[in-house]
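A.B. asks: Quick one: the structure is below, questions incoming.
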Amino acid sequence: MPSKRDWETLEALKNSPKGRLQYNRDWSSENPLDINEPTVVLSEYSAWVLDNVVNRMEPDSSSVERLPSPEDSTSITPTEPDNCCSEESVKEVESSSKLRMDKAMEVEGSILLFEKAQKMKVKEELQARLDMCDQFSKSIAEKSAEQLKRFEEMMELKHRQEKHQLLEELEKGSKEALGQQEKLKEEHRHRAKLLTLKLREAEQQRQQEMERVRQEEGRERMRRLCFLQQEVLRLVQKIQVDYKQQEALRVDLSAYGHRGNQICGILSSVIRSSSERGYLTQDDVNLGERSLQEMQKLASTIEKELAEAEQRKKAEEAAAKEKQKEAQLQQQQEQQQQAKPQTLAPAQVQKQSRQEGLQKKASKGTLQQFLELQKVLELCQKACEDLATCKDPQTKKIRADLQRAVTTPVSQISSVSGSQVKDTFEKINNFLMGKPAVSAGKTILLSQHPLSLDFVCLKLAEKLVSQGEEEVASHHESAFPIASVASALWERYPKVGELFLANLHKKCPYAVPFYPSFKEGTPVEEYQRLLGYQVKDSIVEQQDSFLKRMSGMIRLYAAIMQVRWPYGTNKGSHPHGLNHGWHWLAQMVNMEPLSDITATLLFDFLEVCGNAMIKQYQDQFWKLLFLIKDQYFPMIEKITTSTEMGSASRLKHFLEGAVRRRDIPLPKGYLQPSFWRTSGY
C-alpha cells in the first residue's frame, strides 16, 4: 500500500502545472474542431508504478520517521535518535535513507521517460488530428464550391426565365404597337385624302383668286396704258406745228413730229399685241410711261424752240427799228459770250439744264424728304448761329475747342488697325455723352456752352461729308473705316445722321438723286453751286475735280449703307440700310441720264455696294442690273461725247464683267472681321 509520503508526492504532482493539464485519450472519436473539451488527464499507470516499484524498495516505516520529498535537497536530515539508540541504528537509518533516495531518483527518471513517450504519442496524434482537419477543410471547400456552382446555375436559370418572359412581353407589346400603328396609318391615309381634297379646293380657289387679281391688274394696266396713249396722242397733236408758222419763225421741227409719230406707233403696237395676248404686263405700262416722258420732253423742247425762235424774231424786229443801238447790243452780246465760258458749267450740263423737267424726275416722297432734311439743317444752323458768329474772344475759344474735339478724331480715322478705329469712335462717343475730351492739352466739355451739343453735331456731320469729298475721293479704301464710325454715330445719335445726310445732299444733290433745274432770274454762279460745282471768283472748277469729289461722297454714302459697328448690340435695324441704296439706284435709273455724271456715279455706287446688294436682293438686283446694262446704258452712250467716254467705258466694262461672272467682288478696302482684331497705330 502506498505510504503517506507517496500520496504526498502524487498530490504534489497533481498540483503542479503539468498535473493540472487535462488529457483525453479518446479525442479522435469526437468533433476535431471542438478544442475546448479537456483532453489531458493524469496517467492511470501512476498508481501501479507506486504500488509495484516504489513499495518494493520501501523499508520499514518504523526505522525512519519520513521519506524525503523529490523537491527536497540532497541532504536528508534524519530524526533525532533517542538516547537509548545505538550507533549502529544510526548507520542503518543513513543507509536506508540513501537507498530511498536512489529509488526516488529512479522513479523520477521513469516518470520523465514516460512523459517523453507520452509527448511523442501526443505529437503523432496531434499531427493525425491536423491531417484530419485539413481533409475536413478540403471537403468543406469542395462542398462550398459545389453549392456555389449549384447557386450560379440556379441564378442563370432564373435570369434565362426572366429574359424569356421579358422577350415574350416585348413581342406582345410590339404586336400591339404594330396593330396600333396600322390603325394610325389607316386613319392617316383617310385624313390625307381629306386634306388632299381640301388642298385641291384651296388651290383652285387660289388660282381663281389669282386669275381674278391678274385680270383686275390687267384691266388696271389697260386703263393706265389707255390713259398714257391718250396723253401721247394729245401731245402729238400739240407738237404738230403749222408749217407756215415754222416758215415764219424759220425753224425746222419736222424731226420732232416724226419722232412723235414713231412713239405713237410703238405704243399702239404694244397695246395691240397686249390685247391679242389677253393681258398686259408691267413692262408694257413702263414702256407707255417712258413713251409719255419722251413725248413730254419733245413737247417741252418744241415749246422752247418756238419760244426761242419767237424771241429771235422779236429781237430781229427790234433790231431793225433801232439800227442805231445795234452796234452797242452786238458788243454787249459779245462780252456776255466771252464771260459765259468762265461762269457756266460744262456744255453737256448746260444743255441738260435747258431741258425743262429733266432734273426733277425724282418721286415726290424723295423730294419731300430732301426738303425736310434741308429744313432740319437750316434750323440747326440758325440755332447755332449765336455760337458760330459770336465775336467774343472767350466764346470764339470755346467754339474752336468744341470743333477741334470732334473734327480732329475724324481726321485720324484710317484703315491701319481696328483698335485705332475703335479708339477714335470712343473718343467722339464719350465726348457726345458729356465726358471730358482732351485736345492740345486742354480739357473740353459740352457743358461749356448751352448750344454746344447742336454745334458739335453740326460740325461732326460736316466733317464726315468733307472726309468723303476729300479723303475718300483720293483714297477709295478709306471709305469703310470712316463709314463704320459714321454708321455707329448715326445709330446712337440720329440727329448726327440727319445732319450728315442733309449736308451730303447739299454738296452732292445726286445722292438724293436730284437734278436742280435752272430757274429764270437765278444767277449762273448760284445755279452751278446748286449742281455741286465749286465756284471761286466766278470760275467754275474743272470737270475732273468735280467728278472726283462727287465720286468720293457717293462711295462714302454707299459704304455707310452696308456696314454696322461690330462692337454694338445691333439688335435694331440699320439706321440707313441697303433699302435706301435700292431706292437711290431705282431713282437714278428712272431719271434721264446726265452726260459723264450719271455713268461715274453709277460705277462708283455699284463697285462699292454691288456685292452687298446681291446678297440682300439676289435675283431682283440682277434684274435691275440687266435693265441698266441693256436699256439704260445705251441712253447714257447716246448723250456721251467722245471726250467723255472714260466714265462710260468704265461703267460698261464693269456691267459686262459682273454679268459674265454673275458676281460683283468685294470692294477695295472692305473691312473683314479679322480687321477688328488688329491693333497698333
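The values are calculated or read from the model by the stated rules, or taken from the named source; none is laboratory data. Predicted model only: the values in this text are computed from it and were never measured. We place every Cβ from the backbone using ideal geometry, glycine too, and count neighbours over all the protein chains shown. Just so you know, the surface numbers come from the protein's heavy atoms only, side chains and all, with ligands and any DNA or RNA stripped out. Shrake-Rupley method; radii C 1.70, N 1.55, O 1.52, S 1.80 Å.
A.B. asks: Given a 1.4 angstrom probe, I'd like the percentage of the accessible area of the range 410-484 that is carbon and sulfur, rounded to a whole number.
C.D. replies: So the carbon and sulfur contribution to the accessible surface is 50 percent.
A.B. asks: Mind checking the log10 I(q)/I(0) for the range 582-638 at q = 0.12 Å⁻¹? Debye, one equal scatterer per Cα, no solvent, two decimals.
C.D. replies: -0.25
A.B. asks: Once you treat every alpha carbon in the range 125-243 as an equal point and sum by Debye, what is log10 I(q)/I(0) at q = 0.13, 0.24 Å⁻¹?
C.D. replies: For the range 125-243, the Cα-only Debye profile gives -0.90, -1.20.
A.B. asks: Which lysines does K668 reach when only Cα atoms under 26 Å apart count, and residues fewer than 8 places away in its own chain are ignored?
C.D. replies: List returned: K422, K463, K507, K548, K615, K623, K629, K652.
A.B. asks: While we're here: Could you rank the peptides 156-165, 421-430 by their average count of other C-beta atoms within 10 Å per residue, with the highest value first?
C.D. replies: 421-430, 156-165
A.B. asks: Average projected area of the Cα convex hull of the range 448-544, in nm²?
C.D. replies: Mean projected area of the Cα convex hull: 8.6 nm².
A.B. asks: At 0.36 nm per residue, and after removing the present C-alpha to C-alpha distance, how many nm does the segment from S414 to Q127 gain when stretched out fully?
C.D. replies: 92.8 nm
A.B. asks: At a 1.4 Å probe radius, carbon and sulfur cover how many percent of the accessible area of the range 513-651?
C.D. replies: Carbon and sulfur atoms account for 50 percent of the accessible area of the range 513-651.
A.B. asks: Find the centroid of the Cα atoms in the range 565-607 and in the range 438-495, then give the distance between the two in whole Å.
C.D. replies: About 21 Å separates the Cα centre of the range 565-607 from the one of the range 438-495.
A.B. asks: Computed FRET efficiency, Cβ-Cβ of M105 and K14, R0 22 Å: what is it to the nearest 0.05?
C.D. replies: That pair, M105 with K14, gives E of 0.60.
A.B. asks: Here is a further query. Applying a 10 Å radius around every beta-carbon, put 432-441, 541-550, 217-226 in order of their mean neighbour count, most first.
C.D. replies: 541-550, 217-226, 432-441
A.B. asks: Per residue, how big is the convex hull of the range 504-574 when only Cα atoms are used? Give it in Å³.
C.D. replies: Here the figure is 112 Å³ per residue.
A.B. asks: What does the convex hull of the Cα atoms come to per residue for the range 470-601, in Å³?
C.D. replies: In the range 470-601, the Cα convex hull volume per residue is 119 Å³.
A.B. asks: Shape verdict for the range 454-510, please, from the Cα gyration tensor: rounded (a/c under 1.5), prolate (a/b greater than b/c) or oblate.
C.D. replies: In terms of gyration-tensor shape, oblate.
A.B. asks: OK, next. Of K459/K519; K116/K138; K297/K375; K391/K459, which sit over 29 Å apart, Cα to Cα?
C.D. replies: Among K459/K519; K116/K138; K297/K375; K391/K459, the Cα-Cα distance tops 29 Å for K459/K519; K116/K138; K297/K375.
A.B. asks: Something else: Could I get the Rg over Rh figure for the range 570-670? Both from C-alpha atoms, Rh via Kirkwood, rounded to two places.
C.D. replies: 0.98
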